[in-house]
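Engineer: The structure's right below; bear with me while I get my questions together.
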């Protein structure tokens, strides 16, 4: 416990410097969707790692953004904890809604504002600073630590699978801390043990070679109608997905998982107010709503367009129609399986006149709630925050967790130093300095606790 | 017949002047959709009427474009023929596809090019010149002639009903010649005895107050899905319109009408080639296709939009969704009736979450094929063109014919001096000078023939 006191004292004494480091990283744009500032940000991350005391490597495939790797070995144990983070950020649009510039790193009322402050630069810096705090006080780390810092997380990590394949040994570890997390409105630390998978597709139907006067509607095929009927054959009003075999591989949550879901606080009224909704879909509420959110696969129309969409009316049969859909998948569904079933379903339902394009996809991934590492992280979180941890057996979001899970099988838990009003992916993204520092102490404690398991 | 020889001789001798008059009118833009040149064009039409020898009146409501009215009484009969025309034109877009300026009135290879050359300035001038030819040769017209020249036909004639109500006596007549028509590819004159009705609506569904991350799809209502299911409840894949009572007032075509439809030449392959279609909707072909085109009501998605429609994918639940629809109606359906049934149908099908906006609407209108006036026009057309007339009991298009039909009950037949490659409503609209002159003689003959019935 002596070590830890010194470590905590170092964190408190240097918190202003930690904030400066984070602001420096936030000020470096790194928008993967637009290819802005990627190389510069990767180099800055490597520099920060080196200053921390890590051995580093930039992993650069022929295509794709660099992955920054860093590691430090412990003199005390062979155990290894790996951190997965990412230095790329979402585009800052709509820019006009930011109070200060999205890459200004301005501090207002105890919060650092900027794109990436919470997602994910804050977590990355917090973890580096936890390592630094050991090295500057004890002179060693309690466990071996590895960092894998992705440059394409916000665009679906299209090259990460190849990076893992080509660096299999480098990323081996005993357990992984994933990139995101924080405390809830009551200050309880949250742990996420998995991610849903996702499959994004585009459906396109063509009609005549040009828009045709709608007086000719009895003779001219209308791609907008075809698309409507196609979509209707994919999901019905009861939210049942009608693709043959869609639910075949859905593994129902275990008794333990359901128990943990029961324990999750869920402020549904606040959320409905924020969304301006009188009620949730299918009037779901309470634990039923939360269970659906976490455990149900879904099929969403993200966008649809055809023909004339301006003011007033224009009497045409449109020449083309397009819809974008995503499927959120749960264990043990896979996007490859579901894409094949979608193609077959549309063909078998008589919709041969559709062109289906596959966009991004990730598999679902999950670490069992009774895994020893989960219990370690939960206990450490309770000690660090003074409140019992909230355990999400799965998060409704998606990410490349399955790539690590499939390649190594190690337990993966997602925790972080964020807070509920962080505006992740939205204007005025921010990170509370207090949460940032508290989260750094939590990671420091976790390094010690994990070394003792 | 003596009179007519002189009239025809006058037409031949003055055809160059007739063309000059039409070019003068084409060069005056009159785009009702944009309010361009309307007043100037109305004044020019009145001037041309006065030069012809008509008594004129400009009918100007508090709102709307002026209607130009002109008349001349015959010394020989009390019979009156009314011409319905319009001086307004469609916008010339896309302008870059015109070979000469849309308002240049350039002559190339025997055709006058310009927006409105065929629709409807050519017909208007042809009719005025037929009257002029009598006055300049015989010194009288065979029948009383009235002209009602609309300034809002291309935008749905929103004020014409009021104009008629306030000028009931002025527009009385024994029969009406409607604004459009011409010869087909074989040079046969075509008669149109009616128009379908139309009802244009917009459906809008709202969800959350903002786009929401699609990870939350199990809880957030998706207006795009609601709209898809709503549309699916309006029409099915067999093209059956599912609105309760939609077909109740459909009056099947009579035996005589079917007989005339059988006689209509229908170059379907040429049309499919032009549209790039392997087959028509529901594989319709031949007389069945033509009958569907002329006699079936239809429901068309003109446009639909929701959410993200750009490149790649964006994982959102959209906050709003909108579709534009038109219904083409046949006798004895009315837009008022169908709008009410649509509203009830959606409500009764559980779609209370839709906002329905009504745009333009017109009733269908039809003159019976066995009406004496129809037979007169058909016989005259055969004499004028040397080929048997093709009679369309109804045209698939729409227009304000019902306003006159409902108010006066007189027979209305649409004929004109256009030709198949006139590019009406499209770039490079034109009128063949030969068709224009032939059509003028046809109208001159019709004035005489009608006076003798």
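Here, each number is a calculation from the coordinates, and none is a lab measurement. Computed from a predicted structure; not experimentally measured. Here the Cβ is made from the backbone with ideal geometry for all residues, glycine too, and neighbour counts use every protein chain on show.
Engineer: What FRET efficiency comes out for residue A:136 versus residue A:47 if R0 is 25 angstrom and r is the Cβ-Cβ distance? Round to the nearest 0.05.
Structural biologist: So the FRET efficiency works out to roughly 0.90.
Engineer: Just from the alpha-carbon atoms, what are the Rg and Dmax of region A:152-251 in angstroms?
Structural biologist: For region A:152-251, the Cα radius of gyration and maximum Cα-Cα distance read 23.0, 68 Å.
Engineer: Looking at the protein assembly as shown from every direction and averaging, what is the projected area of its Cα convex hull in nm²?
Structural biologist: That works out to 41.6 nm².
Engineer: Can you bin every Cα-Cα distance in region A:73-177 into 10 Å intervals starting at zero and give me the percent of pairs per bin, rounded to whole numbers?
Structural biologist: Once binned at 10 Å, the Cα pair distances of region A:73-177 give 13, 34, 30, 18, 4, 0.
Engineer: If each residue's Cβ is checked for other Cβ atoms within 10 Å, how do B:55, B:309 rank with the fewest at the top?
Structural biologist: B:55, B:309
Engineer: Also, quick follow-up: Once the Cα atoms of helix B:38-52 and of chain B are each reduced to a long axis, what angle between those two axes, in degrees from 0 to 90 to the nearest 10, is obtained?
Structural biologist: Here the helix axis deviates by roughly 20 degrees.
Engineer: Please compute the modelled spin-label separation between residue A:344 and residue B:5, points set 7 Å along Cα→Cβ, answer in nm with one decimal.
Structural biologist: Roughly 8.5 nm, to one decimal.
Engineer: Right, another one. Would you mind listing how long region B:1-133 runs along its three principal axes, going by Cα atoms, in whole Å with the largest first?
Structural biologist: If we take the Cα atoms of region B:1-133, the spans are 50, 44, 19 Å.
Engineer: Across the residues of B:268-281, average count of Cβ atoms on other protein chains within 10 Å? Walk me through the numbers on the way to the answer.
Structural biologist: Numbers: counts 1, 0, 0, 3, 3, 1, 4, 11, 6, 7, 1, 2, 5, 10.
Across B:268-281, the average partner-chain Cβ count within 10 Å equals 4.
Engineer: Quick one: Cα centre-to-centre distance for region B:172-220 and region B:81-107, in angstrom?
Structural biologist: Between the Cα centres of region B:172-220 and region B:81-107 lies a distance of 22 Å.
Engineer: So, one more: Label point 7 Å out from residue A:40 along Cα-to-Cβ: which residues of region A:88-130 have amide N under 13 Å?
Structural biologist: It comes to A:103-104, nothing else.
Engineer: Using Cα pairs under 8 angstrom and six or more residues apart, how large is the relative contact order of region B:373-439, in percent?
Structural biologist: Worked out over region B:373-439, it gives 24 percent.
Engineer: Counting partner chain Cβ atoms within 10 Å of every residue's Cβ in A:230-240, what's the average?
Structural biologist: 4
Engineer: Could you state, as a whole-number percent, how many of the C-alpha pairs of chain B are farther apart than 40 Å?
Structural biologist: Summing the P(r) of chain B above 40 Å gives 24 percent of all pairs.
Engineer: Rg/Rh for region A:325-408 to two decimals, with Rh computed the Kirkwood way over all alpha-carbon pairs. Kindly include the intermediate steps, with their values, before the conclusion.
Structural biologist: Numbers: Rg = 18.5 Å, Rh = 15.8 Å.
Using only Cα positions, Rg/Rh for region A:325-408 is 1.17.
Engineer: Compute the helix-to-body angle for B:123-137: its Cα long axis versus the longest principal axis of chain B, expressed 0 to 90° and rounded to tens.
Structural biologist: 10
Engineer: So what does the Cα-only Debye profile of region B:121-205 read at q = 0.19, 0.21, 0.26 Å⁻¹, as log10 I(q)/I(0), no solvent term?
Structural biologist: Cα-only, vacuum Debye calculation for region B:121-205: -1.19, -1.31, -1.41.
Engineer: While we're on this one: Quick check: the angle from helix B:286-295's long axis to the longest principal axis of chain B, C-alpha only, nearest 10 degrees?
Structural biologist: Helix B:286-295 sits roughly 90 degrees off the main axis of chain B.
Engineer: Something else now. How do A:412, A:164, A:338, A:107 rank when sorted from fewest to most other Cβ atoms within 10 Å of their own Cβ?
Structural biologist: Ranked by crowding around the Cβ, least crowded first: A:107, A:164, A:338, A:412.
Engineer: Take residue A:33 and residue A:240, extend 7 Å from each Cα along the Cα→Cβ direction, and tell me the distance between the two endpoints in nm.
Structural biologist: It is 3.6 nm.
Engineer: Sticking with this structure for a sec: Return the percentage of antiparallel bridges among DSSP beta bridges fully within chain B, rounded to the nearest 5 %.
Structural biologist: Taking every DSSP beta bridge with both residues in chain B, the antiparallel ones total about 70 percent.
Engineer: Something else: Going 7 Å from the Cα of residue A:184 toward and past its Cβ, which residues in region A:265-283 have a backbone nitrogen under 16 Å from where you end up?
Structural biologist: Only A:265-272 pass the distance filter.
Engineer: OK, next. Note the full-extension length gain between residue A:209 and residue A:271 as 0.36 nm times their separation in residues minus their Cα-Cα distance, in nm to one decimal.
Structural biologist: 17.7 nm is the gain from fully extending residue A:209 to residue A:271.
Engineer: By what distance, in whole Å, do the Cα atoms of region A:200-302 stretch along each of the three principal axes, largest value first?
Structural biologist: Principal-axis extents of region A:200-302 (Cα, largest first): 59, 35, 21 Å.
Engineer: Neighbour counts of other C-beta atoms within 10 Å: give me B:278, B:388 arranged from fewest to most.
Structural biologist: So the ranking, lowest neighbour count to highest, is B:278, B:388.
Engineer: Something else now. How many angstrom separate the Cα center of region A:280-344 from the Cα center of region B:272-302?
Structural biologist: Computed from Cα coordinates, the inter-centre distance equals 31 Å.
Engineer: If you put a point 7 Å past Cα along the Cβ direction, how far is that point for residue A:94 from the same point in each other copy, in nm, smallest first?
Structural biologist: In ascending order, 3.0 nm.
Engineer: Going 7 Å from Cα along the Cα-Cβ axis for the label, what nanometre distances separate residue A:288 from the same residue across the other copies?
Structural biologist: Output for residue A:288: 4.9 nm, nearest copy listed first.
Engineer: Using a basic spin-label model with each label point 7 Å from the Cα along Cα→Cβ, how many nm lie between residue A:77 and residue A:258?
Structural biologist: Spacing of the two 7 Å Cα→Cβ label points: 3.6 nm.
Engineer: Now a separate question. Can you tell me what share of the DSSP beta bridges in the protein assembly as shown is antiparallel? A percent to the nearest 5 is fine.
Structural biologist: 70
Engineer: Now for a separate question. What FRET efficiency, computed as 1/(1 + (r/R0)^6) with R0 = 60 Å and r the Cβ-Cβ distance, is obtained for residue B:169 and residue B:426, rounded to the nearest 0.05?
Structural biologist: 0.95
Engineer: Kindly provide the pair-distance distribution of region A:265-351 built from C-alpha pairs, with 10 Å bins from 0 and whole-percent values in order of increasing distance.
Structural biologist: Each 10 Å bin holds this share of Cα pairs: 12, 28, 28, 25, 6, 0.
Engineer: Taking beta carbons within 10 Å but only from partner chains, what does the mean come to for residues A:313-321?
Structural biologist: 6
Engineer: Which value in Å does the Kirkwood hydrodynamic radius of region B:223-368 take, with 1/r averaged over all unlike C-alpha pairs and then inverted?
Structural biologist: Kirkwood hydrodynamic radius for region B:223-368: 17.8 Å.
Engineer: If you average 1/r over all unlike Cα pairs in region B:274-316 and invert the result, what Kirkwood radius do you get in angstrom?
Structural biologist: On the way: mean 1/r = 0.0712 Å⁻¹.
Averaging 1/r across every pair of different Cα atoms and inverting gives 14.0 Å.
Engineer: Using a label point 7 angstrom from Cα along Cα-to-C-beta, what distances in nm, from shortest up, separate residue B:434 from the other copies?
Structural biologist: Going from nearest to farthest copy, the values are 9.1 nm.
Engineer: How long is the gain from residue A:388 to residue A:358 if the chain were fully straight, where each residue apart is worth 0.36 nm and the alpha carbon distance is subtracted?
Structural biologist: Net length gain for the segment: 6.6 nm.
Engineer: What translational diffusion coefficient, to the nearest whole µm²/s, does region A:198-246 have by Stokes-Einstein, given a Kirkwood radius computed over alpha-carbon pairs, a temperature of 37 °C and 0.692 mPa s viscosity?
Structural biologist: 252
Engineer: While we're here: So for region B:26-80, considering every pair of alpha-carbon atoms, how many percent are separated by more than 16 Å?
Structural biologist: That fraction is 51 percent.
Engineer: How many angstrom separate the Cα center of region A:390-448 from the Cα center of region B:409-423?
Structural biologist: 72
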